[in-house]
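Novice: Have a look at this one.
The values are calculated or read from the model by the stated rules, or taken from the named source; none is laboratory data. On a predicted model such as this, the values are computed, not experimentally measured, just so you know. Positions of Cβ are backbone-derived with ideal geometry, glycine not excepted, and every protein chain shown enters the neighbour counts.
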Amino acid sequence: MSEFTHLDADGRARMVDVGHKPPMRRTAIAEGFLIAAAGTLDRLEVGDLPKGEALAVARIAGIQAAKRCDTLIPLCHTLPLDSVAVAFERAAPDRLRVTATATVTARTGVEMEALTATSVALLTVWDMVKGIDSDLAIEAVRLLEKRKEPVS
């Protein structure tokens, strides 16, 4: 069982000990897509929705989710995030791209925080537009990049 880092010698779940690793400057970028009618995304971009300005709400929701990742994913480490940014881009007439970038100086990475921020931002947009568009989909949530560099 030693090949699985989240299992102890008896096969029980455990949090990985990262105490021996040096702190590094770590960044992770994740993305995902909301598929919706072009008219829905037009209204979303200009803030013309019954529930208000969805992108501002979704940006805050994504940042908040990254900050709470350790309470959502049981074996995640609590991380003192340096920054979290959530961005929106119209990728096609019927496709909104959401990206989240999380940065930390720590002994472990921030992939889960970036993925959680992306996912919650997408879910928040869904919630904000579902009243005008019932044919929505979330696709391709994935990690785009992770990097680390020594702390100087």
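Novice: Of Arg59, Arg95, Arg68, which residue is of a type in the set (Lys, Arg) and buried (at least 20 other Cβ atoms within 10 Å of the Cβ)?
Specialist: On the way: Arg95 fails: buried (at least 20 other Cβ atoms within 10 Å of the Cβ); Arg68 fails: buried (at least 20 other Cβ atoms within 10 Å of the Cβ).
When all the criteria are applied, what remains is Arg59.
Novice: Condition check: aliphatic (A, V, I, L, M) and in a helix (DSSP H, G or I). Does Leu55 satisfy that? Give the derivation first.
Specialist: On the way: aliphatic (A, V, I, L, M): yes; in a helix (DSSP H, G or I): yes.
In short, yes.
Novice: Has region 8-28 got any residue that is of a type in the set (Gly, Ala, Ser), out of contact with any strand residue (DSSP E or B) (no Cβ under 6 Å at 6 or more places or on another chain) and under 21 Å from Ser119 (Cα atoms)? Reasoning before the result, please.
Specialist: Of region 8-28, the ones of a type in the set (Gly, Ala, Ser) are 9, 11, 13, 19, 28.
Now restrict to residues that are out of contact with any strand residue (DSSP E or B) (no Cβ under 6 Å at 6 or more places or on another chain): 9, 11, 13, 19.
Now drop any that are not under 21 Å from Ser119 (Cα atoms), which leaves none.
No.
Novice: Looking for whichever is at pLDDT 95 or above, at negative phi and either under 16 Å from the mean Cα position of the chain (by Cα) or not aliphatic (A, V, I, L, M) (or both) here; the options are Leu122, Leu72. Which one fits?
Specialist: Working: Leu72 fails: at pLDDT 95 or above.
Going through Leu122, Leu72 in turn, just one is at pLDDT 95 or above, at negative phi and either under 16 Å from the mean Cα position of the chain (by Cα) or not aliphatic (A, V, I, L, M) (or both): Leu122.
Novice: Tell me which of these Val86 doesn't satisfy, since it passes every other one: (1) β-branched (Val, Ile, Thr); (2) assigned to a strand (DSSP E or B); (3) farther than 11 Å from Thr118 by Cα.
Specialist: (3)
Novice: Six or more apart or on different chains, Cβ atoms under 8 Å: show the pairs whose first residue is in region 9-26 and within 16 Å of Cys76 (Cα to Cα) and aliphatic (A, V, I, L, M) and whose second is outside any loop (DSSP other than H, G, I, E, B) and modelled with pLDDT under 80.
Specialist: That search, which allows pairs on different chains as well, returns Ala13/Leu7.
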